[in-house]
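Worksheet: the structure to be examined is printed underneath.
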Amino acid sequence: MTIRFTHARSRPRRVDALGLGLHSGELDALDDELTLGAGFLEARGFTGAVGQSVVVPGPDATTVVVLGLGPADELDVNEARRVGAAFARAVPRSATGALDVSGALDDEARPGVAHGLVEGVALASYRYRAHKSEPAPSDLTKVTVVSTGGRKVADAVARGAAIAEAVCFTRDLVNEPGGSMTPLEVAKAARAMSRREKLSISVMDEAGIRRERLGGLLGVNRGSEQPPRFVTITYTPEGRSKGTVALVGKGITFDSGGLSIKTGEGMMTMKSDMAGAAAVLGVFHAIRAVAPSVEVVGYLPLTDNMTGPDATRPGDVLRIHNGKTVEVLNTDAEGRLVLADALSLASDTKPDAIVDIATLTGAQMVALGRSIAGVMANDDGWRSQIEAASERSGEKVWPLPLPAEYRKELDSKVADLRNIGAGRFAGAITAGLFLQEFVGEGIPWAHLDIAGPSFGDTDAAELTPGGTGFGVRLLLELLDSFETPAS
Ligand code: BES
Ligand code: MN
Ligand code: ZN
């Protein structure tokens, strides 16, 4: 169920749940209104820190939730997201809600805070119930953000709602099992979304993929009964365009490892191996609401990685779209093979910049864990734009280098490249170096390895178990403030 969000300057007359914000150090600010008595909040451990909530019975059967806002000068979109999430988590089974933090804000901070509150409520309320027999419990259906301020705040509420809805769309795609969210089904979902959002889409079938010589995608698909697809989606801005950005998303709908098969344990979460492609689809879901002044083209190579009788054998050589040959020594390093085709296909059109997003390596998780993505780039300016977008979106990234001296690990005795590094070290980096080989000369490119942050068990703040939708917010921020990289 998507929640309907609105903005109002005064509180609705009756709601099931009312959230009232308090800054740390101002704990008696609500005393007139709530008559809680001295020390009521302190006695419950409430200090006003962001993320804290205390439920108190209010008038007219309204549940009142006192929410920590932290120090007044630190409340921004990222803190507000946590406040919104704390509110949603404190009021299960309430249908209507209002969030009033208006006393706490100055003009400049208000839109960002409203945006964050909405995202937090919507994302924390997300549930994946497609395969539950029990009907969903009735949770929030309508939430009003109460705040002074006019059009800017109302727009921020709408924008936050659209982005959160897109993140939930991505979570749904990731959470759907690999046996049902096949390449055909992803393409179908992409088509339906593109129609709703008035975007142009083209879906290449196996014959088309062969014509385009996408040998990496075909090689990975060889062990599968499910036909591959290659989806391209285009957004054209209404007004002046600052250029073209290509978004490439890894779309492995299930990764068994292929003949270099994973362990049972290692496969348990591999329906999420299309989280990069799903994030790109999420970006397009909200792109009309954000309306960036840049043309955006999404490239999604879609297949599963299976062990059928004609599966790619370790030692096989594949020819990628740009003509380079790859010796496949480990069929579980399949993401880079399909991305190689997509990166070189995107490069043919000479975009002003490329970002790829992929659940690419276990090594990324070893290095940075579950909440931070690795970012690698061939252009410092482009990487800086991604780091800035990361800070504004609250989706964390950390840079890893692409040292030329590690490139020789990818030298092959029989082909132009091998698909795995020589040793077990720096696996996220050797994967990045591999991808770099398929980016056209002079095109700024960045690679986001989201193996860790795209999926998990965390059920706290805005995160819910399963797919997280990581990358949608970051990429939308990136597009919204895009400047052609100078270097
Ligand atoms: N999809 C996996 C990476 C992954 C692992 C994502 C765990 C999320 C959680 C990728 O296709 C893979 O298997 N990578 C291998 C590469 C290796 C064979 C060089 C890996 O990281 O083990
Ligand atoms: Mn793999
Ligand atoms: Zn994979």
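The values are calculated or read from the model by the stated rules, or taken from the named source; none is laboratory data. Keep in mind that what you see is a predicted model, and the values were worked out from it rather than measured. Note that we place each Cβ from the backbone using ideal geometry, even for glycine, and neighbour counts take in every protein chain shown. Side chains are part of the model used for accessible areas, which takes the heavy atoms of the whole protein and leaves out ligands, DNA and RNA. Shrake-Rupley method; radii C 1.70, N 1.55, O 1.52, S 1.80 Å.
Flag: Ala164 matches the condition of being buried (at least 21 other Cβ atoms within 10 Å of the Cβ) and either touching an Asp or Glu at 6+ places or on another chain (Cβ under 7 Å) or of a type in the set (Lys, Arg) (or both). Only one entry in Arg370, Arg392, Arg383 is more than 16 Å from ligand 3 (Cβ to nearest atom), surrounded by fewer than 22 Cβ atoms within 10 Å (Cβ to Cβ) and closer than 20 Å to Ile252 by Cβ, namely Arg370.
At least 1 residues that are more than 16 Å from ligand 1 (Cβ to nearest atom) and surrounded by 24 or more Cβ atoms within 10 Å (Cβ to Cβ) in each: list the strands (runs of 3 or more DSSP E) lying fully within region 187-295 that qualify. Correct list: 229-235, 244-249.
Is it the case, given these coordinates, that Gly469 is touching a Cys at 6+ places or on another chain (Cβ under 9 Å), away from ligand 3 (no atom under 16 Å from the Cβ) and assigned by TED's automatic domain parsing to the domain that holds Lys396? In short, yes. Across region 244-297, the number of residues qualifying as under 20 Å from Val231 (Cβ atoms) and within 16 Å of ligand 2 (Cβ to nearest atom) comes to 14.
Looking across region 245-274, the residues that are within 11 Å of ligand 3 (Cβ to nearest atom) and among the aliphatic types (A, V, I, L, M) come down to Ile252, Met267, Met270, Met274. Within region 160-179, the residues that satisfy the criterion of being out of contact with any helix residue (DSSP H, G or I) (no Cβ under 6 Å at 6 or more places or on another chain) and either closer than 19 Å to Gly249 by Cβ or hydrophobic (A, V, I, L, M, F, W, C) (or both) are Glu165, Cys168, Arg171, Asp172, Asn175, Glu176. Taken as a whole, the condition of being among the β-branched types (Val, Ile, Thr), within 16 Å of ligand 3 (Cβ to nearest atom), at pLDDT 95 or above and crowded, with 23+ Cβ neighbours inside 10 Å does not apply to Val397. Scanning region 296-313 for residues that are surrounded by fewer than 24 Cβ atoms within 10 Å (Cβ to Cβ) and away from ligand 3 (no atom under 16 Å from the Cβ) yields Val297, Gly308, Pro309, Asp310, Arg313.
For region 319-349, the set of residues classified as farther than 16 Å from Asp273 by Cα, within 16 Å of ligand 3 (Cβ to nearest atom) and outside any helix (DSSP H, G or I) consists of Val326, Val328, Leu329, Asn330, listed by residue number. Scanning region 304-326 turns up no residue that is within 13 Å of ligand 1 (Cβ to nearest atom), at pLDDT 95 or above and within 18 Å of the chain's Cα centre (by Cα). Figure legend. Inter-residue proximity from region 344-368: first residues assigned by TED's automatic domain parsing to the domain that holds His447 and within 16 Å of ligand 1 (Cβ to nearest atom), second residues open to solvent by 10 Å² or more (accessible area, probe 1.4 Å) and part of a strand (DSSP E or B), beta-carbon distance below 8 Å, spacing 6+ or different chains. Indicated pairs: Thr359/Phe455; Leu368/Trp398. Leu448 falls short on exactly one of the conditions (1) within 16 Å of ligand 1 (Cβ to nearest atom); (2) open to solvent by less than 20 Å² (accessible area, probe 1.4 Å); (3) not in a strand (DSSP E or B), and that condition is (3). In region 212-267, which residues are among the acidic types (Asp, Glu) and closer than 30 Å to Thr484 by Cα? If the condition is that a residue be among the acidic types (Asp, Glu) and closer than 30 Å to Thr484 by Cα, then Glu212, Glu238 are the ones that fit.
Every test in (1) part of a helix (DSSP H, G or I); (2) over 24 Å from the mean Cα position of the chain (by Cα); (3) not hydroxyl-bearing (Ser, Thr, Tyr) is passed by Ala114 save one, and that test is (2).
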